[in-house]
Amino acid sequence: MKKMICVFFLSILIGRESQSQSTPDMAMIRDSMFLFEMGTDIFPLVVDYSKSLDLMIRSVTSTTQVAPLYPAKFSWPPELIGQKVHCTAVLFHFSLNFSGEYAVGEMEKAGYRPATLAELLAYGKDKWDGRGLVVALGSVYWSDSRGGHNLVPILDGFMGSRTLGISDFDGPWKGPWEYYYRFLAIRK
């Protein structure tokens, strides 16, 4: 209920801004369109780097095979292998269409950084309800296919299936990210 009120209030403010002259306060509100409730969306996360990437993916998704793409493109940092890392995470939800760079900038302003694939999988295993789309902008790899893309991992829960997919850094099909995506971020 609080989130709905917050979104409604911001919508009213943005609407008033478009009807009147822009003020610095309104620009700040417009430019800070991430919405999260401090009491409910910030949570502890434990990333177990003693598990292989293949095992972590299988523990999160409903598929039985892991695409060879993931082990080939992503690996754990050598200094973290065998460790359990405790961190604080939050899901960012933006109410407008935006780029990946915009999302990362807003995370950094709030004292967070984009989550990596390992952190996304830890979230998927322990915290994700299997619904919605959750993106990790902190694990990016370049693909030469179709003119080149910076790709990032994304958890996708659709009609009961739980999959790990990929998308362009700046949004699906090189378009903007839309309001229904969530972005996992880790406190710096």
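The values are calculated or read from the model by the stated rules, or taken from the named source; none is laboratory data. Values in this document were obtained by computation on a predicted structure and should not be read as measured data. Neighbour counts run over all protein chains shown; Cβ positions are idealised from the backbone, glycine included. Accessible surface is based on the protein model in full, side chains and every heavy atom, while ligands, DNA and RNA are left aside. Shrake-Rupley method; radii C 1.70, N 1.55, O 1.52, S 1.80 Å.
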Any idea how many residues of the stretch 92-110 are open to solvent by less than 30 Å² (accessible area, probe 1.4 Å) and touching a strand residue (DSSP E or B) at 6+ places or on another chain (Cβ under 8 Å)?
-> 9
Any idea which residue in the stretch 164-188 is farthest from residue 93 (Cα to Cα), counting only those that are more than 11 Å from the chain's Cα centre (by Cα) and of a type in the set (Gly, Ala, Ser)?
-> 165
Odd one out for residue 114, checked against (1) open to solvent by less than 10 Å² (accessible area, probe 1.4 Å); (2) touching a Gly at 6+ places or on another chain (Cβ under 6 Å) | (1)
Before we move on, is residue 133 closer than 27 Å to residue 55 by Cβ and in contact with a Ser or Thr (Cβ under 7 Å, 6 or more places away or on another chain)?
-> no
Confirm whether residue 182 is of a type in the set (Lys, Arg), under 21 Å from residue 76 (Cβ atoms) and assigned to a strand (DSSP E or B).
-> no
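Residues are listed down the side, and each one gets a yes or a no for (1) in a loop (DSSP other than H, G, I, E, B); (2) in contact (Cβ under 8 Å) with a residue 60 or more places away in the chain:
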residue: 104; (1), (2): no, no
residue: 120; (1), (2): no, yes
residue: 129; (1), (2): yes, no
residue: 134; (1), (2): no, no
residue: 139; (1), (2): yes, yes
When you look at residue 170, is it part of a loop (DSSP other than H, G, I, E, B) and without any contact (Cβ under 8 Å) to a residue 40 or more places away in the chain, yes or no?
-> no
When (1) farther than 24 Å from residue 62 by Cβ; (2) open to solvent by 70 Å² or more (accessible area, probe 1.4 Å) are applied to residue 129, the one that fails is (1)
Selection from the stretch 154-167 of residues part of a strand (DSSP E or B) and either hydrophobic (A, V, I, L, M, F, W, C) or more than 13 Å from residue 100 (Cα to Cα) (or both) yields 154, 155, 156, 157, 158, 161, 162, 163, 164, 165, 166
Within the stretch 152-163, residues on the phi < 0 side of the Ramachandran plot and more than 13 Å from the chain's Cα centre (by Cα) come out as 157, 158, 161, 162, 163
Among the residues of the stretch 158-168, write down those that are farther than 24 Å from residue 49 by Cβ and modelled with pLDDT of 85 or more.
-> 167, 168
